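Visitor: Sharing a structure here in structure tokens format.
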Amino acid sequence: MTMASSDNSINLRSFTDRIPFARHLGFEITKFEGGESEIRFTAKPEHLNTFDVTHGGVCMTLLDVAQAAAARSETPEIGVVTIEMKTSFMAPAVGPLVVRGKLLHRTATMAFTEAKIYDAKDRVCSHATGTFKYVKHRLPTGPASANEMRPPSTD
């Protein structure tokens, strides 16, 4: 789904393009609408642990990004920051993976979400729940800006 065109528009491709770490890992977002998200990922050798399965840190990043995408999918012009996340690892994450995120509840400032990673046989490998805070995008920064680098506040 492509969102309406504007300076703040977000679509399937630009969502992960705006997250350098997700882009670096090779995440492909395939759903971003109606409080739901879906990301596809195939681990490369550098994404594996010593047991030759997808590293837990990669899995946690997948779960985090999927939950954030689900939280933002209804109002993509507003950013989110992770407040907390609980993750359970249930089975090795091997092969092509799909993670599905869902917005469970939203208030004016907070989102409560969950996400699950599925393997190629559609088995759940891991599950996470998270709390995210809605934030406005930070001001422009850099040498040409009068604004100092200020990450979004969780206050």
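Visitor: Could you compute the FRET efficiency for Phe51 and Met90, with r as their C-beta to C-beta distance and R0 at 25 Å, rounded to 0.05?
Guide: Efficiency for this residue pair is about 0.95.
Visitor: Next question, about the same structure. Can you give me the Kirkwood hydrodynamic radius for region 12-135, using every pair of distinct Cα atoms, in Å to one decimal?
Guide: Hydrodynamic radius (Kirkwood, Cα only) of region 12-135 equals 14.1 Å.
Visitor: Name the residues whose placed amide hydrogens come within less than 5 Å of the amide hydrogen of Lys31, ignoring near sequence neighbours (fewer than 5 apart) on the same chain.
Guide: Glu38
Visitor: Report the label-to-label distance for Phe21 and Ala108 in nanometres (one decimal), using points 7 Å from each Cα along the Cα→Cβ vector.
Guide: Label-label distance for Phe21 and Ala108, simple model: 3.0 nm.
Visitor: Could the peptides 117-126, 53-62, 18-27 be put in order, highest first, of the mean number of other beta-carbon atoms found within 10 Å of their residues?
Guide: Details: 117-126: 16.2, 53-62: 19.2, 18-27: 14.5.
Answer by packing, highest mean first, reads 53-62, 117-126, 18-27.
Visitor: Which cross-chain or sequence-distant (5 or more) residues have an amide H under 5 Å from the amide H of Leu104, H modelled 1.01 Å from N in plane?
Guide: Here the answer is Phe112, Thr113, Glu114, since their amide H atoms fall under 5 Å of that of Leu104.
Laboratory data are not the source of any read-out in this text; all were calculated from the coordinates shown. A quick note: this is a predicted structure, and the numbers were derived from the prediction, not measured. Methodologically, a virtual Cβ is constructed for each residue, glycine included, from the backbone with ideal geometry; neighbour enumeration extends over all protein chains shown.
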